[in-house]
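One structure is given below, encoded as structure tokens.
The values are calculated or read from the model by the stated rules, or taken from the named source; none is laboratory data. Everything quoted here is computed from the prediction, not taken from an experiment. Cβ placement follows ideal geometry from the backbone for every residue including glycine, while neighbour counts extend to all protein chains displayed. Just the protein is used for accessible areas: all its heavy atoms, side chains included, with ligands, DNA and RNA removed. Shrake-Rupley method; radii C 1.70, N 1.55, O 1.52, S 1.80 Å.
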Amino acid sequence: PGSKNCFVFTGYQITEEQVKQWLQGCAPKPPVKKENYTKFSLSAKEKELLKMQASAEKLPEGWFYNGSHYVSMMDGKKMEHPLLMILFRSLSTRRTRKLSCLTNE
């Protein structure tokens, strides 16, 4: 503590900026920030796959599909399958776990 370190570089026409760039290239890179998944970060193909997966699921109690909308006497009409957000949350959780496993390695 309290001591100063000094590096001496010798060479022909070496500038301070070149030495800084060289040392910064040797430094470890900062960790990549984890991306939070939202329904807006899904690609069109992923959204379509989720919709297809949701349409294959059984509708919750009290829901029916009238050909254009999902209808419930309690919640009214919806364009999306009632379980679509649940499927998205499970996909988001899986991706977050996978990403955290990759970053911990």
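Any chance you could count how many residues in region 38-84 are in contact with a helix residue (DSSP H, G or I) (Cβ under 7 Å, 6 or more places away or on another chain) and farther than 22 Å from T96 by Cβ? Final tally of qualifying residues: 1.
The C-beta contact set for region 76-99 (first residue in contact (Cβ under 8 Å) with a residue 40 or more places away in the chain, second residue loosely packed, with under 13 Cβ neighbours inside 10 Å, distance under 6 angstrom, 6+ apart or interchain) comprises L99/K34.
Evaluate the following for M79: is it among the hydrophobic types (A, V, I, L, M, F, W, C), out of contact with any strand residue (DSSP E or B) (no Cβ under 7 Å at 6 or more places or on another chain), at pLDDT below 85 and open to solvent by 100 Å² or more (accessible area, probe 1.4 Å)? Criteria not met by M79. Just so you know, in region 2-25 the residues that are open to solvent by 90 Å² or more (accessible area, probe 1.4 Å) and assigned to a helix (DSSP H, G or I) include one that is nearest to M85 (Cα to Cα), and it is Q24.
If you go through region 26-57 and keep only what is free of Cβ contacts under 8 Å to residues at least 12 places away in the same chain, under 30 Å from S68 (Cα atoms) and open to solvent by 90 Å² or more (accessible area, probe 1.4 Å), you end up with F40, K45, E48, L49, M52.
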